[in-house]
Amino acid sequence: MLNEAWKRRLIHIAHSGTGKKFHLKTRMEYPKTVLGQKIHQSKTMSHSFPWLHKIKGSVLKKEILAPYTSIQIGGPADVLIFPEDVRDLQTILRNKGPQPLFILGEGTNLLIGDRGIRGVVVSLERFRNIKRPLFFRKETGRRRAVMTAEAGVKMSYLAKHATRYSLTGVEHLVGIPGSLGGAVIMNAGAEGADIGQVIRSVTCVTLDGEVQTFNRGDLSFEYRKTIFPNDTGIIIAAELELEEGNRQEIQNAIDRHLARRSQTQPLTIPNAGSIFKNPDGDKAGRLIESLGLKGFSVGDAGISIKHANFIVNKGGATAADVTRLIEHVQKEVKEKTGVALQTEIVTAGE
Ligand SMILES: Cc1cc2nc3c(=O)[nH]c(=O)nc-3n(C[C@H](O)[C@H](O)[C@H](O)COP(=O)(O)OP(=O)(O)OC[C@H]3O[C@@H](n4cnc5c(N)ncnc54)[C@H](O)[C@@H]3O)c2cc1C
């Protein structure tokens with residue numbers, strides 16, 4: 001199941017850090033009567049997806065998506081597919097017709113609606129290969145290496161793999177709990193650096209089913225956004241160019257980043273990372289905190305006490321709760337400071 005390691009980590013920290021047990025729901029514990037499940041049952045007849053038998057990977061129908069997200073919110077997908085390989089992806093893209101398509105990474109920057117996602121949801125959980133880095137030397141400077149990884153590789157694993165080969169460039173991304181595909185789409189970053197700085201190429205299956213590689217020069221990397229020359233399609237792999245460094249120094253930096261995160265972020269409670277982008281020259285968290293909104297809640301969704309730019313799910317939060325809380329914060333911040341906060345999290349579904 002997706003996010004298992006991440007959930008185990010959350011549970012571990014929850015149990016060891018606070019002494020208070022926080023129960024994370026498993027897929028089995030979600031009621032079968034979720035609103036979207038009932039309403040959309042009739043619309044998801046198998047005749048909508050007559051091509052599903054061609055898929056070699058797994059196919060789940062009406063699967064509740066909450067357990068596939070770090071904030072543990074979201075209704076059912078009409079169809080959730082775990083493709084086995086690129087050919088499966090091509091089968092999906094060439095046969096899905098007008099059905100909408102959504103790509104699920106590790107679900108760590110995602111708010112899925114309570115009624116779930118219509119159409120086809122694709123997870124690249126099985127795209128987890130990472131190659132041994134290929135070293136080369138430029139005329140000047142240290143040795144460099146190209147590391148190729150599939151889109152489903154977790155960022156934490158990617159950083160560990162780079163460290164094993166004494167490669168520097170991704171250690172600041174080590175605590176970002178998502179997949180490489182999600183990190184590329186979001187141009188994930190921390191400590192003033194982002195993944196775009198080390199991307200050499202990105203390979204996608206385009207919406208018409210062709211495999212296409214975009215070189216660095218074809219892409220532009222903005223704050224929490226990578227811009228592709230045409231529709232992204234599905235990212236299947238990326239090449240990163242890293243520099244050789246000192247393994248102990250890299251490991252020390254990783255330890256520092258992880259320690260700082262556990263001090264400053266609410267890792268013990270389900271959340272979806274930063275809710276808002278930082279406005280120019282300021283921090284969204286600072287603005288929200290300055291208005292005394294830490295702890296403010298709508299239903300079971302609350303502004304984290306630890307970091308005001310995080311919304312936590314205190315147990316039974318719905319997407320509707322989170323959305324109302326987001327709107328409340330945006331309204332308060334706009335009225336009191338004049339700043340229009342833009343969301344960083346991706347919303348999907350109904
Ligand atoms: C505790 C915590 C801390 C965080 N800290 C940071 C941080 O410091 N910096 C930061 O930038 N982010 C941070 N995040 C947010 C999140 O981890 C990143 O945005 C991450 O890169 C999202 O990756 P994901 O695989 O979870 O993508 P998802 O959340 O599953 O998806 C995000 C978007 O990417 C798309 N997508 C995913 N995979 C693919 C693919 N293969 N092809 C095409 N589209 C795809 C999805 O459709 C969606 O639009 C944090 C989140 C949490 C929970």
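Tell me which residues, restricted to segment 139-163, are part of a loop (DSSP other than H, G, I, E, B) and touching a residue at least 24 places away in the same chain (Cβ under 8 Å).
Gly141, Arg142, Ala151, Gly152, Val153
Which residue, of Val174, Val184, is within 13 Å of the ligand (Cβ to nearest atom) and closer than 17 Å to Glu241 by Cβ?
Unique residue meeting the criteria: Val184.
Can you tell me which residue among Thr91, Thr69 is of a type in the set (S, T, N, Q), more than 20 Å from the chain's Cα centre (by Cα) and at pLDDT 95 or above?
Result of the check over Thr91, Thr69: Thr91.
Is it the case that Ala272 is among the hydrophobic types (A, V, I, L, M, F, W, C), at pLDDT 95 or above, in the same structural domain as Asn313 (by TED's automatic domain parsing) and within 10 Å of the ligand (Cβ to nearest atom)?
yes
Can you give me the ranges of the helices (runs of 4 or more DSSP H) entirely in segment 231-349 with at least 3 residues that are of a type in the set (A, V, I, L, M) and surrounded by fewer than 20 Cβ atoms within 10 Å (Cβ to Cβ)?
Details: elements: 247-264, 284-290, 319-337.
By residue number, 247-264.
I'd like to check something: does segment 145-159 contain any residue that is crowded, with 18+ Cβ neighbours inside 10 Å, more than 24 Å from the chain's Cα centre (by Cα) and either of a type in the set (Gly, Ala, Ser) or away from the ligand (no atom under 15 Å from the Cβ) (or both)?
Yes, there is a match, as at least one residue in segment 145-159 is crowded, with 18+ Cβ neighbours inside 10 Å, more than 24 Å from the chain's Cα centre (by Cα) and either of a type in the set (Gly, Ala, Ser) or away from the ligand (no atom under 15 Å from the Cβ) (or both).
The values are calculated or read from the model by the stated rules, or taken from the named source; none is laboratory data. As the structure is a computational prediction, the values presented were derived from the model and not from experiment. Virtual Cβ from ideal backbone geometry, glycine too; neighbours counted across all protein chains shown.
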